[in-house]
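Where a number appears in this text, it was derived from the coordinates with a stated rule and is not lab data. Keep in mind it's a predicted model, so treat the numbers as computed, not measured. Reconstructed Cβ throughout: ideal geometry from the backbone, glycine too, with neighbour counts over all protein chains shown.
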Amino acid sequence: MKVAVNIISAKKIYAKQKIDDLNEKSIVPKMMMRRRLTRNAKIMLYLADSCGFRNGKIIYGSAFGELGATVGITDAILNKTPISPTLFQNSVYNSAPSYFSLLNSDKDEIITLSNGMKTSKDVLKCAALQSLISGESIFCVVTESLDIDRIDEVNNCAHYLEAGAGVILQIAENENGAKELQSSIDEGVIASLDDLISLVNMYEEDKELKLFIEL
Amino acid sequence: MKTYINNYASRSCAGNTTELMNAIYNKQTAITIDNTFMEDTPVGLGKMQYDNFFSLLKDVVQEVLESSNLKDFSETLLIVGSSVGGMAESEKHYFKDKNYTNIDPSRHPISVITEELESKFGFCDTRAISTACTSSANAFLLAKRLMSVNAYKNILIVGADALCYTTVCGFYALSVLATQECTPFNVNREGMNVAEGIAALLLQTTATKDSIEVKGVGASSDAYHMTNPDPEANGAISCMKKALDDANVDITMIDYINAHGTGTQANDRVEALAIEKLFISAPPVSSTKAVTGHTLGAAGALEAIISCEVIKRGIVPPQTALQEAENSNINLPKEAFKKDIHIVVSNSFAFGGNNTAVVFGEVE
């Protein structure tokens with residue numbers, strides 16, 4: 001089943017290692033909270049801010065989740081040192097949108113998906129469904145942060161270790177002028193972001209973009 | 001279109017679904033006191049018996065297929081709910097090698113479960129949800145909505161999580177693990193038991209003779225704290241209200257509540273308060289985690305199966321290990337009893353203040 005959605009805003013960002021300017025001090029003025037955020041949370045907050053999303057339903061995705069926190073925990077276990085409770089609470093895949101919820105008092109439905117290299121495809125499908133059901137605009141966003149020590153031991157595909165893309169979409173009133181998603185990936189960005197990156201690239205060419213999405 | 005649960009199968013530390021229900025009704029906990037994960041500190045865990053977690057996962061899904069009216073899953077959408085995916089396998093390599101070289105990146109994340117099942121059963125498409133302990137409960141939200149717009153006729157929900165060092169030691173770091181069998185809703189409860197589990201349910205838009213309907217699903221966010229629930233219980237109340245509205249049933253029509261009931265101080269206090277505030281008719285409530293432990297991302301699916309069995313059997317599960325309730329304003333039965341059970345609410349709450357409630361009911 002296909003539906004047509006209007007793309008309201010879209011943004012992407014990536015860097016070879018750590019993304020330099022995520023506008024953190026402006027987006028999260030409280031230092032104590034800022035220090036707790038995971039890298040995925042910081043990237044997500046930046047994308048939400050850039051897309052103009054403040055509150056509402058979110059579909060978040062990440063193929064690898066919170067690798068930094070996970071590595072911190074396994075290192076602590078291996079070295080028989082205490083595990084930081086903050087690291088453990090940050091290790092769940094839904095940490096990033098949960099921090100968004102906390103910071104923006106967002107009490108709406110927040111779903112986190114993680115389905116390998118098809119994560120951003122699934123995020124778009126779920127966001128389209130949520131908009132079809134609710135009629136609301138939905139923020140869908142995928143982030144990956146792979147910038148951990150010794151990542152080279154397992155990484156042979158991602159040139160950009162931090163990456164994210166976010167889109168606000170809303171179900172369209174009709175299908176007139178709707179396009180199919182054209183694959184136009186950015187080489188070196190992890191494939192879990194492919195569909196969202198392609199969408200952002202289409203949106204940058206056409207700010208009135210209307211897109212078909214298969215549920 | 002409506003959504004019907006037509007077939008299911010499960011494994012937990014209490015065994016298969018029949019063994020699990022016997023344990024629940026007989027108040028026999030399946031928790032063992034174990035020091036595998038923390039040498040110096042034995043804790044209560046819900047451990048399953050298996051040689052290979054993914055082989056057992058496929059066996060459970062095969063059971064569902066064989067009991068269904070489908071020849072195969074080629075026209076079925078798979079929705080997985082899991083909180084740790086392939087973490088146990090990654091840990092094994094890392095703790096042995098002290099480097100990542102032998103870790104297969106495709107077998108570390110949540111998607112290892114969808115990929116394992118896809119390779120054996122050939123689903124038409126897959127999704128995987130990871131919202132910590134609401135993961136497979138949220139699969140019902142997605143499935144019901146997809147079926148309501150007639151996008152799919154068959155959806156298989158699989159909740160699956162294996163024990164691993166990260167979760168056991170992580171919950172210990174949060175000071176919420178019980179060293180003994182957990183005692184949900186008791187005044188003197190110690191904490192939770194981390195557990196593993198697999199639960200698979202086939203949802204279809206056409207009912208069969210033994211169907212249970214997914215009547216409603218509601219979700220909310222606390223926006224309060226990363227690990228502690230809102231002490232006023234607003235998020236928990238909100239998700240239950242939304243689920244009841246979605247099901248179009250009145251609060252007085254609820255015959256049983258399968259609580260999230262982890263046994264932690266914060267969860268049980270807040271969940272009991274939510275139930276007390278919302279359900280003036282005081283339906284019976286119990287947490288079956290006193291028998292199974294907390295199967296994390298699998299809990300929503302496992303407790304969906306328990307809810308289906310409760311409706312079919314017409315027997316209310318007792319609260320295992322209940323001595324003195326902390327909140328005497330909720331109805332925690334100490335013994336199983338027969339009752340016409342038409343509608344059940346099942347709660348799931350997670351890190352990040354992620355809340356989901358599902359309403360199950362007899363087919364009208």
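Annotations
- Candidate cross-link partners of B:K209 among the aspartates and glutamates, defined by an alpha-carbon separation under 16 Å and a same-chain spacing of 8 or more, comprise B:E309, B:E362, B:E364.
- Here the Karplus relation 6.51 cos²θ - 1.76 cosθ + 1.60, evaluated at θ = phi - 60°, turns the backbone of region B:182-192 into coupling constants of 5, 10, x, 6, 6, 4, 9, 7, 9, x, 9 Hz, with x for every Gly and Pro.
- Summed residue charge, Cβ within 11 Å of A:K2's Cβ, Lys/Arg positive, Asp/Glu negative: -2
- Surface/4 estimate of mean projected area, convex hull on alpha-carbon atoms of region A:2-214, nm²: 11.8 nm²
- Principal axis dimensions, the protein assembly as shown - Cα atoms, whole angstrom, descending: 65, 56, 47
- Counting other Cβ atoms within 10 Å as a rough exposure proxy, the listed residues B:S135, B:S328, A:S84, A:S98 run B:S328, A:S84, A:S98, B:S135 from fewest neighbours to most.
- In region B:167-249, the trypsin sites (Lys or Arg not before Pro) that fall in loop regions by DSSP, at most 15 other Cβ within 10 Å: B:K209
- Here the protein assembly as shown carries DSSP beta bridges of which approximately 70% are antiparallel, counting only pairs with both residues inside.
- Neighbour-count order for A:V167, B:V168, B:V249, B:V187, fewest beta carbons within 10 angstrom listed first: B:V187, B:V249, B:V168, A:V167
- Modelled spin-label separation between B:D97 and A:T81, with each label point placed 7 Å from Cα along the Cα-to-Cβ direction: 2.3 nm.
- In order through region A:175-184: 3J(HN,Hα) via Karplus (6.51 cos²θ - 1.76 cosθ + 1.60), integer Hz, x for Gly, Pro: 9, 4, x, 6, 10, 7, 5, 9, 5, 8
- Footprinting exposure proxy ranking of B:H225, B:H108, fewest other C-beta atoms within 10 angstrom first, gives B:H225, B:H108.
- Rounded to the nearest 500, the 222 nm mean residue ellipticity of the protein assembly as shown from helices alone is -10000 deg cm²/dmol, with -39,500 (n - 2.57) taken per DSSP H run of at least 4 residues.
- The phi-based Karplus calculation (6.51 cos²θ - 1.76 cosθ + 1.60; θ = phi - 60°) puts the 3J(HN,Hα) values of region B:297-306 at x, 8, 4, x, 6, 4, 6, 5, 5, 4 Hz, whole numbers, x for Gly and Pro.
- Counting DSSP beta bridges with both ends in region A:2-214, the antiparallel % (nearest 5): 70 percent
- Distances between placed amide hydrogens fall under 5 Å for B:I129 paired with A:S114, B:V80, B:G81, B:S82, all partners being 5 or more residues away or on another chain.
- Size descriptors for region B:145-184, from the alpha-carbon set: Rg then Dmax equal 18.1, 47 Å.
- Sparse-neighbourhood loop sites, trypsin sites (Lys or Arg not before Pro) in region A:164-215 - DSSP loop, at most 16 other Cβ within 10 angstrom: A:K207
- Antiparallel DSSP beta bridges within chain B, as percent of all bridges there, nearest 5: 70 percent
- Hull volume in cubic angstrom per residue (convex hull over the Cα atoms of region B:4-362): 123 Å³
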